[in-house]
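Here's the structure, in structure tokens; my notes come after.
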Amino acid sequence: MSAPRVSAVVAAAGLSRRFSPYGKKQFAELGGKPIVAHSICTLESSEFVKSIVVVVPEDEISRSKDLLKGLGFEKITSVVGGGKKRHISVRNGFRATPPESDMVLIHDAARPFINNDMIKKVLDGCVCTGACICAVAVTDTLKQTEKHGMFVSETVSRKNIWRAQTPQVFHRDILEEIYRSDAVAEIDATDESALVEAMGINVQIVEGSNLNIKITTAADLEIAELILSKGGSVSVQNRNRV
């Protein structure tokens, strides 16, 4: 059996409201390079990923094309504009992927510490099940608050509870079915797995990494700088490619 053809969609279209006043986080520098460059660099180095589509804010398309071209990436086939919701941005990216792709990997640009082992695990899971995501088990004690006010209404069991991450990988036909209707624009979903689950499709979990953080605030960027200074999960070889 031949290896599946994999396209990646890098979601970098967020408005970064919680990152202000430092501008859009995907273009903020981490280790001297834009945050968005780190995950693209790792995807470039993957033997499994054949093409990459980057989704950016509509008003950043021209700037992003110049930036990414200057960094010398070879697998980027399209840079497209996003939508008002995350999953609409991903839909726009998906529609720009080569139609011959067998599987589509979706990754948040704000998670710079993706690595090739993680990519292989989630791809292997998708080969077996058609839908697979990275996630980490919850270790904190969980509290549910009352509807009004910050008072604990109950302690929630953390048994079998996982924190979803990206990358997430799906067979192309699954995503085609999801995005066939424009009605998807009305759905409130924070990741593609939620859309797939809503179709009644089982989504497999493979263990991610606690270092696979999502940069949301300026404080997260400081943590990311610390991870990077200690080697993180991005190899020196990968970092030196941009």
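When residue 88 is evaluated against the numbered criteria (1) at pLDDT 95 or above; (2) part of a helix (DSSP H, G or I), which criterion, by number, is the only one it fails?
Evaluating residue 88 over (1) at pLDDT 95 or above; (2) part of a helix (DSSP H, G or I) leaves (1) as the failure.
Looking at the stretch 1-13, which of the residues that are at pLDDT 80 or above and open to solvent by 10 Å² or more (accessible area, probe 1.4 Å) is farthest from residue 62 (Cα to Cα)? Don't jump to the end; show me each part of the working.
Looking only at the stretch 1-13, we keep the residues that are at pLDDT 80 or above, and these are 3-13.
Still in the list and also open to solvent by 10 Å² or more (accessible area, probe 1.4 Å): 3-5, 11, 13.
Working: 3: 34, 4: 32, 5: 28, 11: 16, 13: 13 Å.
Going through the qualifying residues, I end up with 3.
Give me a count of the residues in the stretch 76-122 that are among the aliphatic types (A, V, I, L, M), open to solvent by 10 Å² or more (accessible area, probe 1.4 Å) and within 16 Å of residue 3 (Cα to Cα).
0
Pairs only if they're at least six apart or on different chains, beta carbon under 9 angstrom, first in the stretch 139-153 and free of Cβ contacts under 8 Å to residues at least 40 places away in the same chain, second basic (Lys, Arg) and assigned to a loop (DSSP other than H, G, I, E, B); list them, first residue then second.
Matching pairs, first to second residue: 139/158; 140/158; 141/158; 142/158; 153/147.
So that you can scan it fast, the table gives a plain yes or no per residue for (1) polar (S, T, N, Q); (2) within 15 Å of residue 8 (Cα to Cα); (3) over 18 Å from the mean Cα position of the chain (by Cα):
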position	(1), (2), (3)
130	no, no, no
147	no, no, yes
151	no, no, yes
166	yes, yes, no
177	no, no, yes
181	yes, no, yes
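Residues that are open to solvent by 40 Å² or more (accessible area, probe 1.4 Å), at pLDDT 95 or above and touching a Lys or Arg at 6+ places or on another chain (Cβ under 8 Å): which helices (runs of 4 or more DSSP H) entirely in the stretch 127-242 hold 1 or more of them? Let's see the steps before the verdict.
On the way: elements: 172-179, 192-198, 218-229, 236-239.
Hits in the stretch 127-242: none.
Looking only at the stretch 58-75, count every residue that is surrounded by 18 or more Cβ atoms within 10 Å (Cβ to Cβ) and either more than 14 Å from residue 38 (Cα to Cα) or of a type in the set (Val, Ile, Thr) (or both) and tell me the total.
Within the stretch 58-75, residues that are surrounded by 18 or more Cβ atoms within 10 Å (Cβ to Cβ) and either more than 14 Å from residue 38 (Cα to Cα) or of a type in the set (Val, Ile, Thr) (or both) number 2.
The values are calculated or read from the model by the stated rules, or taken from the named source; none is laboratory data. Predicted model only: the values in this text are computed from it and were never measured. Positions of Cβ are generated from backbone atoms using ideal geometry, with glycine treated the same way; all protein chains shown enter the neighbour counts. Heavy atoms of the whole protein, side chains included, go into the accessibility calculation; ligands, DNA and RNA do not. Shrake-Rupley method; radii C 1.70, N 1.55, O 1.52, S 1.80 Å.
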